[in-house]
1. Within region 99-129, restricting attention to residues that are of a type in the set (Gly, Ala, Ser) and either free of Cβ contacts under 8 Å to residues at least 40 places away in the same chain or outside any helix (DSSP H, G or I) (or both), which residue is most open to solvent (accessible area, probe 1.4 Å)?
2. Does region 82-90 include one or more residues that are under 20 Å from Arg15 (Cβ atoms) and modelled with pLDDT under 95?
3. Considering (1) open to solvent by 10 Å² or more (accessible area, probe 1.4 Å); (2) under 21 Å from Arg132 (Cβ atoms), say which one Ala70 fails and leave the rest.
4. Condition first: open to solvent by less than 30 Å² (accessible area, probe 1.4 Å) and at pLDDT 95 or above. Can you find one or more residues in region 130-137 that meet it?
5. Take region 37-55 and flag every residue that is assigned to a loop (DSSP other than H, G, I, E, B), touching a strand residue (DSSP E or B) at 6+ places or on another chain (Cβ under 9 Å) and open to solvent by 70 Å² or more (accessible area, probe 1.4 Å).
6. Taking region 17-36, which residues are under 15 Å from the mean Cα position of the chain (by Cα) and either open to solvent by 30 Å² or more (accessible area, probe 1.4 Å) or not hydrophobic (A, V, I, L, M, F, W, C) (or both)?
7. How about region 56-65: which of its residues are open to solvent by less than 80 Å² (accessible area, probe 1.4 Å) and either assigned to a helix (DSSP H, G or I) or free of Cβ contacts under 8 Å to residues at least 24 places away in the same chain (or both)?
8. Collect the residues in region 1-10 that are within 21 Å of Gln95 (Cα to Cα), touching a helix residue (DSSP H, G or I) at 6+ places or on another chain (Cβ under 9 Å) and surrounded by fewer than 16 Cβ atoms within 10 Å (Cβ to Cβ), keeping them in residue-number order.
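The values are calculated or read from the model by the stated rules, or taken from the named source; none is laboratory data. No experiment lies behind these values; they were computed from the predicted model shown. For neighbour counting, all protein chains shown are included, and Cβ atoms are generated from backbone atoms with ideal geometry for every residue, glycine included. In case anyone asks, the SASA skips ligands and DNA or RNA and just uses the protein heavy atoms, side chains included. Shrake-Rupley method; radii C 1.70, N 1.55, O 1.52, S 1.80 Å.
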Amino acid sequence: MIFVTVGMHHQGFDRLIKAMDELAGIAEEPVVMQIGSAKYEPVHAEWFRFAPQKQVDELCGAARVIVGHAGAGTILSAFHHNRPVVIVPRRLPYQEHVDDHQLDLAHALSSQNKVILVDEPTAQALQEGIRRAEQLPQVHTSAGNLVRAIRNTLESSTSLR
């Protein structure tokens, strides 16, 4: 199963949801999506808007791969469950977030071979990202160390602007 999550942010992330729904229409496995505030409602995948953290954790644990926004919570959940993760950062130009901090985090983690970055989601790009994510080494780090690393990455990225 592929689990897609966009987190709890109030701005929709229709670019990711539409592209993953298109992929779900041809996928050979189930796709389950947490779509949050997206306006687009999937037709090829099981979906829900929001759920308790326990349910999201269970889906992360059951997934073969996780596809999500580049939110720290999503990334931490994927790493906690030792699941490969494809991240698509929410972008300011598309009014998906208030700035491009997710792009900074995505580039930093991608350059360390911890995630697969798909900047412009299409069904084809996501399918290739999922294929590549299966080859990623597992991330073996404690949550505390990872939180510090993410914080340091965000702080250093902000100071470089």
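1. Filtering region 99-129 for residues that are of a type in the set (Gly, Ala, Ser) and either free of Cβ contacts under 8 Å to residues at least 40 places away in the same chain or outside any helix (DSSP H, G or I) (or both), the one most open to solvent (accessible area, probe 1.4 Å) comes out as Ser111.
2. Scanning region 82-90, I find at least one residue that is under 20 Å from Arg15 (Cβ atoms) and modelled with pLDDT under 95, so the answer is yes.
3. All conditions are met except number (1).
4. Scanning region 130-137 turns up at least one residue that is open to solvent by less than 30 Å² (accessible area, probe 1.4 Å) and at pLDDT 95 or above.
5. Residues satisfying the conditions are Glu41, His44, Arg49, Phe50.
6. Once the filter is applied, which keeps residues that are under 15 Å from the mean Cα position of the chain (by Cα) and either open to solvent by 30 Å² or more (accessible area, probe 1.4 Å) or not hydrophobic (A, V, I, L, M, F, W, C) (or both), region 17-36 yields Lys18, Asp21, Gln34, Gly36.
7. Once the filter is applied, which keeps residues that are open to solvent by less than 80 Å² (accessible area, probe 1.4 Å) and either assigned to a helix (DSSP H, G or I) or free of Cβ contacts under 8 Å to residues at least 24 places away in the same chain (or both), region 56-65 yields Val56, Asp57, Leu59, Cys60, Gly61, Ala62.
8. Met8
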